[in-house]
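Okay, structure first, notes after.
The values are calculated or read from the model by the stated rules, or taken from the named source; none is laboratory data. Please read all numbers here as calculations on a predicted model, not as lab measurements. Neighbour counts are summed over all protein chains in view; Cβ atoms, including those assigned to glycine, are modelled from backbone coordinates with ideal geometry.
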Amino acid sequence: MPVISIDGSPLIPGTSPVKIHYRDFGTGRPLIFLHGGWGYQVYPFDSQIEVFGERFRIVIPDRTGYGRSMRLETMPMDFHQRAAVETIRLIERLGIERPVLWGHSDGAVIAAMMALRWPDRLAGLILEAFHYYRFKPASREFFETMSGDPSGLGERVCSVLSTEHGEDYWQNLIINNGRAWLQLADESTDPKQDLYDGNLSSLGVPILFIYGSRDPRTEPGEIEAVRRELPQARFEILDGAGHSPHSSSSSAEGCNRVAADFLGSLCD
């Protein structure tokens, strides 16, 4: 897996250079996948590499704190904004022009924040399992498990996390991610306060939202709130799918089909 250095990252201020590992597959128009809060391997992009690798150059970075990139001691509440800056610096360093971003979960938040700040630098967004609200009461117990006892996430998940991030580190990473989400909720000023400071409606790039109908991390009313903000965007809700339609064997084909249609529309 290749590694590249950027001058710095807001995720680890005062450190330079910052080394970021990334995966690089295929050729063609750039498609960058941004992983969620557990990292890449729990919800891998294997099916999409196979389907889209002949037409797209697929780049998958481990953002700072994850995988084989540099580690984090803490994760600030504004980690999404900081990761957005890191990712645009990575794109510049790689010399990639106007990629499509496919963000999953936390990665979808980061992708949207990038498009709000640098719309002319991006060709489009695929936002999967997108988070809109800061306060997510249906997920609070989940975040408390992450922040208090990551071993409660299940044997398979813990094994993958340990292998990807290191036995000596993975629990610290997951604890910090859970704490950051709890802090976002606890410091919100309104139950409906969003992660985008009320600016989501100003997104001007082409957008496809992909949700699983059974995603436990999607709050009641959250999709409808996003639709009100972005009525011009495309929404696909995959029946029976959970938090990661792209990596589930039962939903990956449908996910790829709607993504292929969207990506084709960008190439027309």
- Message: Going residue by residue through the stretch 227-250, is there one that turns out to be crowded, with 21+ Cβ neighbours inside 10 Å and without any contact (Cβ under 8 Å) to a residue 60 or more places away in the chain?
- Response: yes
- Message: Can you confirm whether Arg93 is basic (Lys, Arg), under 29 Å from Asn199 (Cβ atoms), modelled with pLDDT of 95 or more and surrounded by fewer than 24 Cβ atoms within 10 Å (Cβ to Cβ)?
- Response: yes
- Item | In the stretch 96-114, residue nearest to the chain's Cα centre (by Cα) [restricted to those that are small (Gly, Ala, Ser) and crowded, with 23+ Cβ neighbours inside 10 Å] | Gly107
- Query: In the stretch 53-87, which residues are part of a strand (DSSP E or B) and out of contact with any Gly (no Cβ under 6 Å at 6 or more places or on another chain)?
  - Reply: Val59, Ile60, Pro61
- Among residues of the stretch 215-226, those that are farther than 13 Å from Tyr196 by Cβ and either exposed (fewer than 14 other Cβ atoms within 10 Å of the Cβ) or among the small types (Gly, Ala, Ser) (or both), counted: 4
- Item | Filtered residues of the stretch 134-165 (kept if in contact (Cβ under 8 Å) with a residue 60 or more places away in the chain and outside any helix (DSSP H, G or I)) | Arg134, Lys136
- Note on the structure: Given (1) within 28 Å of Met70 (Cβ to Cβ); (2) part of a helix (DSSP H, G or I); (3) in contact (Cβ under 8 Å) with a residue 60 or more places away in the chain, Arg217 misses just (2)
- How about the stretch 11-48: which of its residues are out of contact with any strand residue (DSSP E or B) (no Cβ under 6 Å at 6 or more places or on another chain) and free of Cβ contacts under 8 Å to residues at least 40 places away in the same chain? Pro13, Gly14, Ser16
- Could you run through the stretch 237-268 and say how many residues are of a type in the set (Asp, Glu) and modelled with pLDDT under 95? 1
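Out of Val85, Val160, Val109, Val100, report the one residue that is touching a strand residue (DSSP E or B) at 6+ places or on another chain (Cβ under 6 Å) and modelled with pLDDT of 95 or more.
Val100
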- Pull up the stretch 49-68, narrow it to residues that are more than 26 Å from Ala260 (Cβ to Cβ) and touching a residue at least 60 places away in the same chain (Cβ under 8 Å), then point me to the one that is surrounded by the fewest Cβ atoms within 10 Å (Cβ to Cβ). Arg68
